[in-house]
Amino acid sequence: MSRYLVTGGAGFIGSNFVHQVLATTDHQVTVLDALTYAGNKDSLAGLLGDRLTFVQGDIADAGLVEDLVAGADVVVHFAAESHNDNSLRDPSPFIRTNLVGTFTLLEACRRHDVRLHHISTDEVYGDLELDDPAKFTPDTPYRPSSPYSASKAGSDHLVRAWVRSFGVAATLSNCSNNYGPYQHVEKFIPRQITNILDGGRPKLYGAGVNVRDWIHVEDHNAAVLAIIERGRIGQTYLIGADGEKDNRTVIETILRLMGRPADAYDHVADRSGHDLRYAIDSSKLRDELGWQPAYRDFEAGLAATIAWYEAHEAWWRPQKAAVEAGYAARGQ
Ligand code: NAD
Ligand code: DAU
């Protein structure tokens with residue numbers, strides 16, 4: 001049994017991680033989450049109790065972080081500002097949380113000799129051409145495009161420096177686009193599903209040729225657990241499930257699965273600096289740690305995700321109007 005401190009455990013991937021840890025291990029979990037607009041305690045409903053404690057607070061609050069890290073065996077660091085579009089409007093919270101917050105956790109882990117796993121993104125590598133057979137590997141040079149991805153790239157560099165210079169026992173993972181339950185309605189897939197449930201239309205940025213490499217959130221989190229349990233300290237593992245799809249195809253699939261005509265969507269203004277394509281080579285993770293994705297059928301995973309949003313309107317409804325008003329103001 002270990003004591004896990006999970007930062008960002010009320011967000012999309014972090015809350016799914018807490019569900020998975022409580023269901024598949026005997027670890028004790030403390031969630032540290034600031035409950036920003038993206039955090040939702042309801043994502044942990046029914047779990048709080050003997051094995052799960054919730055602390056509302058900021059990862060950049062050094063005093064609070066010091067006490068919590070001192071009482072942990074492993075820090076699993078999901079907390080971040082995570083949405084590219086928001087980072088184009090106001091980068092400042094991205095700098096504070098993703099850089100200063102990660103620095104604060106690293107200093108506490110260094111002082112208390114606590115193991116850290118840092119969750120990051122494939123976006124640190126920039127983008128690939130559509131017709132390029134290449135995929136991102138752990139050796140791909142960093143080339144982030146947005147304030148979000150630049151702040152995540154910076155946080156990765158901080159973790160590596162604290163490993164090398166101070167001997168912090170950390171691992172890193174860079175994952176591709178996740179989908180599944182409890183994802184905020186600002187993100188691509190939940191936005192389109194909830195637009196349709198609301199009687200509206202999906203919104204496609206630009207021509208929709210941009211490619212994302214989709215992975216189910218449970219597969220991401222199973223990989224994170226494998227890295228914590230069996231990964232080599234100081235190493236970076238790329239997490240991906242060979243799920244490349246262009247955005248137009250994803251929207252058309254959602255429309256079909258929800259019984260609507262495949263062309264019942266709107267083209268809206270493109271994202272500034274929009275990355276073209278992401279693709280992950282996860283062979284290091286598969287070969288070294290024996291991880292394999294369980295969700296191999298994207299359409300089946302998408303259908304289950306649609307069913308989850310249909311059944312959990314009370315979870316997403318409070319955020320929907322404000323998110324859509326923000327997009328509409330930017331012509332998206
Ligand atoms: P999210 O936005 O859904 O959740 C982020 C959580 O962090 C929220 O609960 C929020 O309240 C919390 N938080 C934000 N600032 C905080 C602060 N200063 N102190 C404490 N808590 C704070 O994000 P997500 O999609 O679940 O992403 C989680 C992590 O995974 C991020 O580090 C992100 O970069 C990374 N990631 C995400 C994806 C993806 O597809 N969503 C893919 C690869 C990597
Ligand atoms: O690759 C990993 C990253 O995936 C994570 O690091 C980020 O935290 C996560 O948000 C995600 O970033 P993206 O920018 O790829 O995800 P988003 O859901 O914002 O958009 C996915 C694609 O869909 C992208 O090409 C933009 C497009 N899009 C998005 C929205 C919200 C649309 O076409 N229409 C939309 O309404």
Matching residues, region 145-167, being out of contact with any Gly (no Cβ under 9 Å at 6 or more places or on another chain) and in a loop (DSSP other than H, G, I, E, B): Gly167
Verdict on Tyr142 being outside any strand (DSSP E or B), surrounded by 17 or more Cβ atoms within 10 Å (Cβ to Cβ) and within 15 Å of ligand 1 (Cβ to nearest atom): no
Close pairs (6 angstrom Cβ cut-off, 6 or more residues apart or separate chains): on the phi < 0 side of the Ramachandran plot in region 189-212, in a loop (DSSP other than H, G, I, E, B) and of a type in the set (S, T, N, Q) anywhere: Pro190/Gln183; Arg212/Asn177
Test set (1) in contact (Cβ under 8 Å) with a residue 24 or more places away in the chain; (2) on the phi > 0 side of the Ramachandran plot - Gly259 fails condition number: (1)
Complete set of residues in region 161-188 that are more than 10 Å from ligand 1 (Cβ to nearest atom) and in contact with a strand residue (DSSP E or B) (Cβ under 8 Å, 6 or more places away or on another chain): Trp162, Val163, Val168, Ala169, Ala170, Thr171, Leu172
Residue ranges of helices (runs of 4 or more DSSP H) in region 26-112 with at least 2 members under 20 Å from the mean Cα position of the chain (by Cα), surrounded by 19 or more Cβ atoms within 10 Å (Cβ to Cβ) and within 16 Å of ligand 2 (Cβ to nearest atom): 84-89
Residue check for Ile306: in a helix (DSSP H, G or I), modelled with pLDDT of 95 or more, surrounded by 15 or more Cβ atoms within 10 Å (Cβ to Cβ) and within 20 Å of the chain's Cα centre (by Cα): yes
Single condition Ile193 does not satisfy, out of (1) surrounded by 23 or more Cβ atoms within 10 Å (Cβ to Cβ); (2) out of contact with any strand residue (DSSP E or B) (no Cβ under 9 Å at 6 or more places or on another chain); (3) under 30 Å from Asp26 (Cβ atoms); (4) of a type outside the set (Ser, Thr, Tyr): (3)
Residues of region 172-214 satisfying the condition of being of a type in the set (S, T, N, Q) and closer than 27 Å to Asn40 by Cα: Ser173, Asn174, Ser176, Asn177, Asn178, Gln183, Gln192, Thr194, Asn195
Ile13 assigned to a helix (DSSP H, G or I), under 16 Å from His118 (Cα atoms) and at pLDDT 95 or above: yes
When residues of region 1-49 are limited to those that are of a type in the set (Asp, Glu) and touching a residue at least 40 places away in the same chain (Cβ under 8 Å), the one farthest from ligand 1 (Cβ to nearest atom): Asp42
In region 50-68, residue farthest from ligand 1 (Cβ to nearest atom) [restricted to those that are touching a strand residue (DSSP E or B) at 6+ places or on another chain (Cβ under 6 Å) and closer than 20 Å to Ala170 by Cβ]: Leu68
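The values are calculated or read from the model by the stated rules, or taken from the named source; none is laboratory data. All figures in this text were calculated on a predicted structure; none of them were measured in a lab. Don't worry about glycine lacking a Cβ; one is built from the backbone with ideal geometry, like all the others, and counts go over all protein chains shown.
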